[in-house]
1. Which ones in segment 96-126 are in contact (Cβ under 8 Å) with a residue 60 or more places away in the chain and either part of a strand (DSSP E or B) or out of contact with any helix residue (DSSP H, G or I) (no Cβ under 9 Å at 6 or more places or on another chain) (or both)?
2. Can you tell me how many residues within segment 4-31 are in contact with a Lys or Arg (Cβ under 6 Å, 6 or more places away or on another chain) and either in a helix (DSSP H, G or I) or surrounded by fewer than 24 Cβ atoms within 10 Å (Cβ to Cβ) (or both)?
3. What are the residues in segment 172-183 that are surrounded by fewer than 19 Cβ atoms within 10 Å (Cβ to Cβ) and either in a strand (DSSP E or B) or touching a residue at least 24 places away in the same chain (Cβ under 8 Å) (or both), if any?
4. Step by step: first the residues of segment 219-234, then only those that are in a helix (DSSP H, G or I) and in contact with a helix residue (DSSP H, G or I) (Cβ under 8 Å, 6 or more places away or on another chain), then the one that is farthest from ALA195 (Cα to Cα). Which residue is that?
5. Please specify each residue of segment 133-156 satisfying the condition of being under 19 Å from the mean Cα position of the chain (by Cα) and either aromatic (Phe, Trp, Tyr) or under 16 Å from LYS200 (Cβ atoms) (or both).
6. Going by what's in this entry, would LEU160 be described as of a type in the set (A, V, I, L, M, F, W, C), part of a helix (DSSP H, G or I) and under 19 Å from GLN109 (Cα atoms)?
7. Name the single residue, out of those in segment 152-189 being touching a Lys or Arg at 6+ places or on another chain (Cβ under 7 Å) and of a type in the set (A, V, I, L, M, F, W, C), that is farthest from SER216 (Cα to Cα).
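Since every read-out is calculated from the coordinates, none of them should be taken as a lab result. This structure is a prediction, so every number in the text was calculated from the model and none was measured. FYI the Cβ positions are ideal-geometry reconstructions off the backbone, even for glycines, and counts take in every protein chain you see.
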Amino acid sequence: MIITVTNQKGGTGKTTTSINLASYLAKFGKKVVLIDLDPQSNATSGLGFELGDKAGLYELMMDENTPLQNSIHTTRYPKLDIIAGTQDVAGIGVELVNMNRREFVLYDQLQSLVHLYDYIIIDSPPSLGLLTINGLVAADKIIIPVQCEYYALEGLGQLLETIQLISDNLNPDLSVLGAILTMYDRRNRLSAMVAKEVSKFFPGYVFDTVIPRNVSLSEAPSFGKAIHDYAPLSKGSFAYRQLAQELIKLTKQN
């Protein structure tokens, strides 16, 4: 199953969710590949992976002479592979503009990988450009992280319109798996208000798991580690463990 983690708004915990969901799924014995579709390449550095002169996402999408398997690399975590990003990824959006089937470049490349992995997790950019559209066209399901802050729902309407357009015209099987509340502070009344509004916005499509505001989650990427490795007993670690379990259960039902 291909799952794209997306929100056009930055700072929602999208990359944190991508890294820790992927690593916990692998910890539970699932074969997973994480695709860093964001030109900032934070998912790549957050796992402590250094691409060096090896092939990554750019070569996967834009270089026909690079074999697919050359872009896939193991990580420090068993069963978790990565298709890493670099600054070159920023140029993909420009190069895609004049290409045939420009929205399907990633989709076409991933078809030969689907049978090799239980989950393909795509960390998409905080935008609605061609890279994000490629991530949505390639996906079976979408997870939308929503930060528990004042402007949390800003732009979500446009994101859902884009998802609907892609579903109507490019990927009829695309659907939202759920919204996940991130950076939740139980001491803050605003968090509870946002949670209530998100439930109205996505009736029946909000994960039971809530990701708390947690210092360890912020620190872990600077050490190049997933949360279960950096601070296994933290609240953030327990939350992403629960999210992975919930996801496995949900995807078994679908």
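1. Result: VAL114, LEU116, TYR117, TYR119, ILE120, ILE121, ILE122, ASP123.
2. Qualifying residue count, segment 4-31: 3.
3. ASP173, SER175, VAL176
4. Filtering first and then ranking leaves PHE223.
5. Across segment 133-156, the qualifying residues are ILE144, VAL146, CYS148, ALA152, LEU153, LEU156.
6. In short, no.
7. Within segment 152-189, the match that is farthest from SER216 (Cα to Cα) is LEU177.
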